[in-house]
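I have placed the structure first, in the form of structure tokens, so that the comments after it can refer back to it.
Just so it is clear, none of the values below were taken in a lab; they were calculated from the coordinates. These numbers were taken from a predicted model, which means no experiment stands behind them. Cβ atoms come from the backbone with ideal geometry, glycine included; neighbour counts cover every protein chain shown.
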């Protein structure tokens, strides 16, 4: 018997079937309910109507997706760099870690509803406040994952490297950093799901364009169908970003698949 | 001249005396074992030698120089293999050379001719998880050898293996050692292993560890893969008695 060749992708597709089925049936029930109950589309538009709106307003949606994507990417890039830079500093200086970590925890307790308008007030209606808010929301899971990941390094590997005469930097680069990668990806997956939502929320509070603005305007003109159209786009963006991280993880953590397959 | 000379070394960690007045030496090409009960502080001697902890009193010299200025005269093989799971075997093998700043290409060229003797030919692109316990142990040993250090420190290298693999590995190791004659310090709690591989054996007491006996093993080599000689048998019995007597009171 030969299971080897189609193994991964084949299994992946088969595993995906229940998820697709449940999503499709949820939309089907929603569509059915709207049609049978005769509920007003101003209250609850059917999925088919939302889909129609996406097609009808594709130019508007596209024009407003671009700024959201920009904010998401810029914010996430900033967040990734800050998280990595901080994690290195904290790993090399345990005292700084004890001093600063509580501040990072507090930064995660701030209610976004209160902070977002202030950030917009301070930094204006341009890209900057969105980038900052996306970064604020997404850096913490990655930072914690990295710091925990470094700490989870096998002490025997570190002893071994020390016996070889390795410097602190060499140990970090060859042992602690790679040890943290599985943890980092766990954090990254959490972060990435917050990124688009954070960008949209920042736009909602104050912006010239973006999916957040589409949602705000559609809500104000009693267009739940258009609100949901923008929501569908936003979900799709998050799913795509999530898929990219999963792909990246598969490449970077190839060695783990080997282990898992045994 | 002794490659390694420890004199009257004592160590206390957090108020607990670990090593008490340990003296031992190791000559070029010699195979010496440190035999003692579990938890006696055998591995701590290696931690001293590799610079992970500092001794309180006594002197340690390596080729006549004090240890502090010659910290990296040792190739250390930890108890578990400590292979990096994210590195392919070849990159694990060259780790020590990489740390020394040798370029990857040169490091690989240095390791490659040794692969066959270590039974790792054709496995260089595998990850450690894809290898059997015995192969991983051989890879860990090759990683240690490849560093070209004057002294090998082996910390219970076969302890984690199942009995059958351990016997095979010991015989394989004896063969390799007979051709290469690495200057070796082995830590073990396995009497038979110590007698089969060593020229001399230091017996350690329970914590705080002191040297309670120094035993020469004059039996001819090879000793493994054939019935245990009468000499070796007598030494095994002698060592076992020393170990049992010193642990007897705590039972």
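Here are some notes:
- All helices (runs of 4 or more DSSP H) inside region A:126-182 with 2 or more residues being away from chain B (no Cβ under 14 Å): A:127-151
- Within region B:105-132, being free of Cβ contacts under 8 Å to residues at least 12 places away in the same chain and within 14 Å of another protein chain (Cβ to nearest Cβ) holds for one residue alone: B:130.
- Selection over region B:196-224 of residues that are touching a strand residue (DSSP E or B) at 6+ places or on another chain (Cβ under 7 Å) and assigned to a helix (DSSP H, G or I) gives a count of 1.
- Condition check for residue A:230: out of contact with any helix residue (DSSP H, G or I) (no Cβ under 6 Å at 6 or more places or on another chain) and touching a residue at least 12 places away in the same chain (Cβ under 8 Å): no
- Members of region B:53-63 that are within 15 Å of residue B:75 (Cβ to Cβ) and either free of Cβ contacts under 8 Å to residues at least 24 places away in the same chain or more than 14 Å from chain A (Cβ to nearest Cβ) (or both): B:63
- Meeting the requirement of 3 or more residues that are within 30 Å of residue A:173 (Cβ to Cβ) and out of contact with any helix residue (DSSP H, G or I) (no Cβ under 8 Å at 6 or more places or on another chain), the helices (runs of 4 or more DSSP H) wholly within region A:16-118 are A:58-92, A:94-107.
- Any hit, region B:218-229, residues being closer than 28 Å to residue B:73 by Cα and free of Cβ contacts under 8 Å to residues at least 24 places away in the same chain: yes
Quick grid of which residues meet (1) within 14 Å of another protein chain (Cβ to nearest Cβ); (2) within 20 Å of the chain's Cα centre (by Cα); (3) surrounded by fewer than 20 Cβ atoms within 10 Å (Cβ to Cβ):
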{"residue": "B:6", "(1), (2), (3)": "no, yes, no"}
{"residue": "B:12", "(1), (2), (3)": "no, no, yes"}
{"residue": "B:26", "(1), (2), (3)": "no, yes, no"}
{"residue": "B:42", "(1), (2), (3)": "no, yes, no"}
{"residue": "B:45", "(1), (2), (3)": "yes, yes, no"}
{"residue": "B:73", "(1), (2), (3)": "yes, yes, yes"}
{"residue": "B:82", "(1), (2), (3)": "yes, yes, no"}
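- Helices (runs of 4 or more DSSP H) lying entirely in region B:1-100 (those with 1 or more residues that are touching a strand residue (DSSP E or B) at 6+ places or on another chain (Cβ under 7 Å)): B:42-49
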